[in-house]
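The values are calculated or read from the model by the stated rules, or taken from the named source; none is laboratory data. Remember, it's a predicted structure, so these values are computed and weren't measured experimentally. Heads up, the Cβs are rebuilt from the backbone with ideal geometry, glycines too, and the neighbour counts pull from every protein chain shown. Side chains are part of the model used for accessible areas, which takes the heavy atoms of the whole protein and leaves out ligands, DNA and RNA. Shrake-Rupley method; radii C 1.70, N 1.55, O 1.52, S 1.80 Å.
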Amino acid sequence: MHNDGKMCYKTPNLFATDQQRYLYFISDAPHLVKTVRNNLASSGWGKNTKYLWNNEKDILWRHIVDIYRHDSESQLSMTKLTSDHIHLTPHSVMNVKLAAQVLSYSVGSLLMAYGGEQGQETAKFILLMDRFFDCLNVRSIQEGHHKRKADLLPFRTLNDQRFEFLEREFLGYVLAWKQAVDSRPGNFKKSERNKMFLTDQTFEGLWTTVHSTIEATQYLLSNGVEFVLTHTFCQDPLEEHFGRHRGLGRRADNPSLWIFGYQENKIRLQRSLAMAMQPKGNTRGVKRSADVVISVSPLKKVRRPRNK
(Lines give C-alpha, C1' and ligand atoms only; values in the text may rest on other atoms or scores of the structure.)
Protein backbone atom coordinates (compact mmCIF):
# COMPACT_ATOMS: atom_id res chain seq x y z
CA MET A 1 0.00 0.00 0.00
CA HIS A 2 1.10 3.56 -0.70
CA ASN A 3 1.13 6.18 2.04
CA ASP A 4 -2.12 7.64 0.67
CA GLY A 5 -3.92 4.33 1.21
CA LYS A 6 -3.98 3.24 -2.43
CA MET A 7 -2.63 -0.06 -3.66
CA CYS A 8 0.98 -0.20 -4.83
CA TYR A 9 1.45 -1.00 -8.51
CA LYS A 10 5.08 0.08 -9.06
CA THR A 11 8.38 0.47 -7.26
CA PRO A 12 11.54 2.43 -8.17
CA ASN A 13 14.15 0.50 -10.12
CA LEU A 14 17.24 0.78 -7.93
CA PHE A 15 19.51 -0.56 -10.70
CA ALA A 16 18.60 2.14 -13.24
CA THR A 17 21.28 4.86 -13.17
CA ASP A 18 20.29 6.99 -16.18
CA GLN A 19 16.95 8.31 -14.87
CA GLN A 20 14.13 7.53 -12.48
CA ARG A 21 12.53 4.35 -13.73
CA TYR A 22 10.05 1.95 -12.21
CA LEU A 23 9.32 -1.75 -12.02
CA TYR A 24 5.61 -2.35 -12.61
CA PHE A 25 3.47 -5.09 -11.08
CA ILE A 26 1.22 -6.59 -13.77
CA SER A 27 -1.09 -9.55 -13.28
CA ASP A 28 -1.46 -11.83 -16.26
CA ALA A 29 -4.50 -10.63 -18.26
CA PRO A 30 -5.67 -14.17 -19.20
CA HIS A 31 -5.42 -15.16 -15.54
CA LEU A 32 -7.58 -12.17 -14.55
CA VAL A 33 -10.18 -13.16 -17.13
CA LYS A 34 -10.30 -16.67 -15.64
CA THR A 35 -10.65 -15.37 -12.08
CA VAL A 36 -13.45 -13.00 -13.09
CA ARG A 37 -15.22 -15.83 -14.90
CA ASN A 38 -14.81 -18.03 -11.81
CA ASN A 39 -16.37 -15.31 -9.65
CA LEU A 40 -19.28 -15.10 -12.06
CA ALA A 41 -19.62 -18.90 -12.27
CA SER A 42 -19.99 -19.04 -8.48
CA SER A 43 -22.64 -16.30 -8.41
CA GLY A 44 -25.87 -18.07 -7.57
CA TRP A 45 -24.59 -21.22 -9.28
CA GLY A 46 -22.15 -24.06 -8.70
CA LYS A 47 -20.36 -23.53 -5.39
CA ASN A 48 -22.69 -20.58 -4.75
CA THR A 49 -19.99 -18.66 -2.88
CA LYS A 50 -20.96 -15.38 -4.58
CA TYR A 51 -24.14 -13.48 -5.33
CA LEU A 52 -22.87 -10.49 -7.31
CA TRP A 53 -24.95 -7.32 -7.16
CA ASN A 54 -24.61 -3.82 -8.62
CA ASN A 55 -26.93 -0.95 -9.55
CA GLU A 56 -29.92 -2.64 -7.91
CA LYS A 57 -29.54 -5.69 -10.17
CA ASP A 58 -27.98 -9.13 -9.76
CA ILE A 59 -25.04 -10.35 -11.84
CA LEU A 60 -25.63 -14.09 -12.06
CA TRP A 61 -24.29 -17.10 -13.94
CA ARG A 62 -27.87 -18.12 -14.58
CA HIS A 63 -28.17 -15.31 -17.12
CA ILE A 64 -25.37 -16.88 -19.19
CA VAL A 65 -26.98 -20.30 -18.87
CA ASP A 66 -30.23 -18.85 -20.24
CA ILE A 67 -28.37 -17.37 -23.21
CA TYR A 68 -26.69 -20.72 -23.85
CA ARG A 69 -30.05 -22.50 -23.86
CA HIS A 70 -31.61 -19.81 -26.06
CA ASP A 71 -28.74 -20.07 -28.52
CA SER A 72 -28.92 -23.88 -28.54
CA GLU A 73 -32.66 -23.96 -29.17
CA SER A 74 -32.51 -21.37 -31.95
CA GLN A 75 -29.75 -23.36 -33.74
CA LEU A 76 -28.31 -20.12 -35.10
CA SER A 77 -25.01 -20.40 -33.15
CA MET A 78 -24.80 -16.69 -32.41
CA THR A 79 -22.25 -17.45 -29.66
CA LYS A 80 -19.53 -20.05 -29.17
CA LEU A 81 -21.01 -21.29 -25.90
CA THR A 82 -21.05 -25.06 -25.40
CA SER A 83 -21.65 -27.36 -22.47
CA ASP A 84 -17.95 -27.05 -21.57
CA HIS A 85 -18.40 -23.31 -21.05
CA ILE A 86 -21.35 -23.79 -18.69
CA HIS A 87 -20.49 -26.92 -16.71
CA LEU A 88 -16.94 -26.24 -15.54
CA THR A 89 -14.57 -28.99 -14.42
CA PRO A 90 -11.20 -28.75 -12.62
CA HIS A 91 -9.56 -29.02 -16.06
CA SER A 92 -11.79 -26.65 -18.06
CA VAL A 93 -11.67 -24.01 -15.35
CA MET A 94 -8.01 -23.45 -16.28
CA ASN A 95 -8.75 -22.97 -19.98
CA VAL A 96 -8.32 -19.32 -20.99
CA LYS A 97 -10.17 -19.78 -24.26
CA LEU A 98 -13.36 -20.92 -22.52
CA ALA A 99 -13.25 -17.98 -20.13
CA ALA A 100 -12.65 -15.44 -22.93
CA GLN A 101 -15.53 -16.84 -24.98
CA VAL A 102 -17.91 -16.49 -22.03
CA LEU A 103 -16.87 -12.88 -21.36
CA SER A 104 -17.11 -11.96 -25.05
CA TYR A 105 -18.90 -9.36 -27.11
CA SER A 106 -21.23 -11.92 -28.70
CA VAL A 107 -22.46 -13.17 -25.32
CA GLY A 108 -22.78 -9.66 -23.88
CA SER A 109 -24.66 -8.22 -26.84
CA LEU A 110 -27.02 -11.22 -27.03
CA LEU A 111 -27.69 -10.96 -23.30
CA MET A 112 -28.30 -7.24 -23.65
CA ALA A 113 -30.89 -7.90 -26.37
CA TYR A 114 -32.67 -10.97 -25.00
CA GLY A 115 -31.73 -11.13 -21.32
CA GLY A 116 -34.53 -8.92 -20.09
CA GLU A 117 -34.28 -6.22 -17.46
CA GLN A 118 -32.60 -8.47 -14.89
CA GLY A 119 -29.80 -9.44 -17.28
CA GLN A 120 -28.77 -5.91 -18.26
CA GLU A 121 -26.15 -5.49 -15.54
CA THR A 122 -24.61 -8.87 -16.32
CA ALA A 123 -24.47 -7.94 -20.00
CA LYS A 124 -22.85 -4.57 -19.22
CA PHE A 125 -20.20 -6.23 -17.08
CA ILE A 126 -19.44 -8.83 -19.78
CA LEU A 127 -19.06 -6.15 -22.46
CA LEU A 128 -16.65 -4.19 -20.26
CA MET A 129 -14.59 -7.33 -19.59
CA ASP A 130 -14.48 -8.05 -23.32
CA ARG A 131 -12.99 -4.63 -24.06
CA PHE A 132 -10.61 -4.91 -21.09
CA PHE A 133 -9.21 -8.20 -22.37
CA ASP A 134 -8.89 -6.88 -25.93
CA CYS A 135 -6.92 -3.84 -24.74
CA LEU A 136 -4.51 -6.00 -22.76
CA ASN A 137 -4.25 -8.74 -25.39
CA VAL A 138 -2.98 -6.85 -28.46
CA ARG A 139 -0.86 -9.49 -30.22
CA SER A 140 -0.15 -8.24 -33.74
CA ILE A 141 -0.35 -5.26 -36.06
CA GLN A 142 -3.02 -6.68 -38.35
CA GLU A 143 -5.34 -8.58 -35.98
CA GLY A 144 -7.41 -5.50 -35.19
CA HIS A 145 -8.06 -4.91 -38.91
CA HIS A 146 -8.88 -8.54 -39.62
CA LYS A 147 -11.36 -8.83 -36.72
CA ARG A 148 -12.59 -5.23 -37.16
CA LYS A 149 -11.97 -4.44 -33.50
CA ALA A 150 -10.19 -1.17 -32.77
CA ASP A 151 -9.22 -2.36 -29.28
CA LEU A 152 -6.90 -4.98 -30.84
CA LEU A 153 -4.84 -2.40 -32.74
CA PRO A 154 -1.34 -1.57 -31.44
CA PHE A 155 -0.87 1.34 -29.04
CA ARG A 156 0.91 4.12 -30.95
CA THR A 157 0.09 7.47 -29.26
CA LEU A 158 0.15 8.79 -25.71
CA ASN A 159 -3.44 10.04 -25.97
CA ASP A 160 -4.92 6.72 -27.12
CA GLN A 161 -8.61 6.57 -26.17
CA ARG A 162 -8.13 3.10 -24.68
CA PHE A 163 -6.12 4.59 -21.82
CA GLU A 164 -9.14 6.65 -20.81
CA PHE A 165 -11.43 3.64 -21.19
CA LEU A 166 -9.27 1.44 -18.96
CA GLU A 167 -8.78 3.99 -16.20
CA ARG A 168 -12.09 5.87 -16.18
CA GLU A 169 -14.76 3.69 -17.72
CA PHE A 170 -13.63 0.16 -16.83
CA LEU A 171 -11.85 0.81 -13.54
CA GLY A 172 -14.39 3.50 -12.68
CA TYR A 173 -17.15 0.90 -13.05
CA VAL A 174 -15.34 -1.55 -10.77
CA LEU A 175 -14.67 1.10 -8.10
CA ALA A 176 -18.26 2.36 -8.25
CA TRP A 177 -19.42 -1.25 -7.88
CA LYS A 178 -17.34 -1.69 -4.75
CA GLN A 179 -18.61 1.57 -3.26
CA ALA A 180 -22.23 0.61 -4.06
CA VAL A 181 -21.83 -2.69 -2.21
CA ASP A 182 -20.17 -1.03 0.80
CA SER A 183 -22.92 1.61 1.03
CA ARG A 184 -25.90 -0.63 0.22
CA PRO A 185 -28.62 0.00 2.80
CA GLY A 186 -29.56 -2.98 4.91
CA ASN A 187 -28.34 -4.97 7.85
CA PHE A 188 -25.82 -7.05 5.89
CA LYS A 189 -22.92 -8.86 7.47
CA LYS A 190 -19.42 -8.37 6.11
CA SER A 191 -19.42 -11.87 4.64
CA GLU A 192 -22.71 -11.13 2.86
CA ARG A 193 -21.35 -7.92 1.35
CA ASN A 194 -18.23 -9.78 0.21
CA LYS A 195 -20.46 -12.11 -1.79
CA MET A 196 -21.87 -9.14 -3.74
CA PHE A 197 -18.46 -8.12 -5.13
CA LEU A 198 -15.42 -9.72 -6.71
CA THR A 199 -12.80 -11.34 -4.51
CA ASP A 200 -10.14 -9.03 -3.06
CA GLN A 201 -7.40 -10.73 -5.08
CA THR A 202 -9.30 -10.22 -8.35
CA PHE A 203 -10.07 -6.59 -7.57
CA GLU A 204 -6.45 -5.81 -6.64
CA GLY A 205 -5.23 -7.59 -9.77
CA LEU A 206 -7.51 -5.52 -12.01
CA TRP A 207 -6.56 -2.26 -10.27
CA THR A 208 -2.79 -2.76 -10.36
CA THR A 209 -2.76 -4.19 -13.89
CA VAL A 210 -4.71 -1.30 -15.39
CA HIS A 211 -2.49 1.37 -13.81
CA SER A 212 0.75 -0.50 -14.54
CA THR A 213 -0.17 -1.23 -18.17
CA ILE A 214 -1.10 2.39 -18.83
CA GLU A 215 2.08 3.84 -17.32
CA ALA A 216 4.40 1.21 -18.80
CA THR A 217 2.90 1.63 -22.28
CA GLN A 218 3.05 5.42 -22.13
CA TYR A 219 6.66 5.26 -20.92
CA LEU A 220 7.67 3.07 -23.87
CA LEU A 221 5.87 5.29 -26.39
CA SER A 222 7.45 8.44 -24.97
CA ASN A 223 10.95 6.94 -25.25
CA GLY A 224 11.09 6.13 -28.93
CA VAL A 225 9.07 2.90 -29.20
CA GLU A 226 6.95 3.03 -32.36
CA PHE A 227 4.11 0.84 -31.05
CA VAL A 228 3.35 -1.45 -28.11
CA LEU A 229 1.72 -4.89 -28.19
CA THR A 230 0.31 -5.39 -24.70
CA HIS A 231 0.28 -9.17 -25.12
CA THR A 232 4.04 -9.09 -24.50
CA PHE A 233 3.34 -8.22 -20.85
CA CYS A 234 1.87 -11.70 -20.22
CA GLN A 235 3.72 -14.45 -18.36
CA ASP A 236 3.12 -17.29 -20.83
CA PRO A 237 6.84 -17.65 -21.71
CA LEU A 238 7.68 -18.14 -18.02
CA GLU A 239 4.87 -20.65 -17.58
CA GLU A 240 6.01 -22.56 -20.66
CA HIS A 241 9.63 -22.66 -19.47
CA PHE A 242 8.89 -23.87 -15.96
CA GLY A 243 6.24 -26.21 -17.37
CA ARG A 244 9.06 -27.98 -19.19
CA HIS A 245 10.93 -28.21 -15.89
CA ARG A 246 7.89 -29.84 -14.28
CA GLY A 247 7.66 -32.23 -17.22
CA LEU A 248 11.29 -33.26 -16.86
CA GLY A 249 10.98 -33.63 -13.10
CA ARG A 250 7.81 -35.74 -13.34
CA ARG A 251 6.85 -36.59 -9.76
CA ALA A 252 9.82 -34.75 -8.24
CA ASP A 253 8.01 -31.46 -7.56
CA ASN A 254 10.69 -30.16 -5.16
CA PRO A 255 13.98 -30.30 -7.11
CA SER A 256 17.32 -29.44 -5.60
CA LEU A 257 19.61 -26.78 -7.03
CA TRP A 258 21.73 -29.43 -8.76
CA ILE A 259 18.67 -31.09 -10.37
CA PHE A 260 17.31 -27.74 -11.52
CA GLY A 261 20.66 -26.83 -13.09
CA TYR A 262 20.84 -30.21 -14.83
CA GLN A 263 17.33 -29.76 -16.25
CA GLU A 264 18.14 -26.20 -17.35
CA ASN A 265 21.19 -27.40 -19.25
CA LYS A 266 19.12 -30.17 -20.81
CA ILE A 267 16.53 -27.66 -22.01
CA ARG A 268 19.26 -25.37 -23.30
CA LEU A 269 20.89 -28.15 -25.31
CA GLN A 270 17.56 -29.20 -26.79
CA ARG A 271 16.17 -25.67 -27.15
CA SER A 272 15.69 -25.74 -30.92
CA LEU A 273 13.61 -28.90 -30.62
CA ALA A 274 11.84 -27.95 -27.38
CA MET A 275 10.77 -24.54 -28.69
CA ALA A 276 9.20 -26.15 -31.75
CA MET A 277 6.93 -28.28 -29.57
CA GLN A 278 3.62 -26.94 -28.32
CA PRO A 279 3.67 -26.79 -24.50
CA LYS A 280 1.13 -28.64 -22.40
CA GLY A 281 -0.84 -26.62 -19.86
CA ASN A 282 -3.03 -23.53 -19.72
CA THR A 283 -0.79 -21.25 -21.80
CA ARG A 284 -1.70 -20.11 -25.28
CA GLY A 285 1.58 -21.18 -26.83
CA VAL A 286 3.54 -19.35 -29.50
CA LYS A 287 4.13 -20.68 -33.00
CA ARG A 288 7.85 -20.65 -33.71
CA SER A 289 9.75 -21.58 -36.81
CA ALA A 290 11.55 -24.88 -36.36
CA ASP A 291 15.19 -24.97 -37.46
CA VAL A 292 15.45 -28.72 -36.87
CA VAL A 293 14.04 -31.18 -39.40
CA ILE A 294 12.79 -34.37 -37.74
CA SER A 295 12.84 -37.51 -39.87
CA VAL A 296 12.10 -41.18 -39.22
CA SER A 297 14.37 -42.39 -42.00
CA PRO A 298 17.22 -44.68 -40.89
CA LEU A 299 20.64 -43.20 -40.30
CA LYS A 300 23.31 -43.62 -42.92
CA LYS A 301 25.54 -46.56 -42.23
CA VAL A 302 29.11 -45.76 -41.35
CA ARG A 303 31.76 -48.13 -42.63
CA ARG A 304 34.13 -49.32 -40.01
CA PRO A 305 37.77 -49.70 -40.94
CA ARG A 306 38.86 -53.30 -41.24
CA ASN A 307 41.63 -54.53 -39.01
CA LYS A 308 44.58 -55.59 -41.02
**Q.** Rg in Å to one decimal, and Dmax rounded to a whole Å, for the stretch 13-81 via C-alpha atoms
**A.** 20.0, 63
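In whole percent, how big is the carbon plus sulfur part of the accessible area of the stretch 198-276, probe 1.4 Å, protein atoms only?
56
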Q) For the stretch 65-131, what's the relative contact order in percent, using C-alpha pairs closer than 8 Å and at least 6 residues apart? A) 30
Q) Which far-off residues, 5 or more places away or on another chain, put their amide H under 5 Å from the one on S27, with H placed in the peptide plane? A) T209
Q) What nm distance separates the two modelled labels at M94 and L158, each placed 7 Å from Cα along Cα→Cβ? A) 4.3
Q: Can you tell me the relative contact order of the chain? Whole percent, Cα pairs under 8 Å, sequence separation 6 or more.
A: 19
Q: Using Cα pairs closer than 8 Å and at least 6 residues apart in sequence, work out the relative contact order for the stretch 145-281, in percent.
A: 28
Q | Sulfur and carbon atoms: percent of accessible area, the stretch 1-105 [1.4 Å] | A | 52
Q: Give me the net charge of P255's neighbourhood, meaning all other residues with Cβ under 13 Å from the Cβ of P255; Lys, Arg count +1, Asp, Glu -1.
A: +3
Q | Given (i) 41, 27, 21; (ii) 38, 25, 19; (iii) 35, 21, 19, the label whose value is semi-axes √(5λ) of the Cα gyration tensor in Å derived from this model | A | (i)
Q | Average accessible surface area per residue within the chain, 1.4 Å rolling probe, Å² | A | 65
Q. What's the angle, to the nearest 10 degrees (0 to 90), between helix 120-135's Cα axis and the longest principal axis of the chain?
A. 30
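With +1 on each Lys and Arg Cβ and -1 on each Asp and Glu Cβ, how big is the dipole of the stretch 6-51 about its Cα centre, in debye rounded to the nearest 20?
Details: 7 positive and 2 negative charges, 53 e Å.
Taking the Cα centre of the stretch 6-51 as origin, the dipole is about 260 debye.
Taking R0 as 51 Å, what's the FRET efficiency between S72 and M7 from their Cβ-Cβ distance, rounded to 0.05?
Once the sixth-power term is evaluated, E becomes 0.75.
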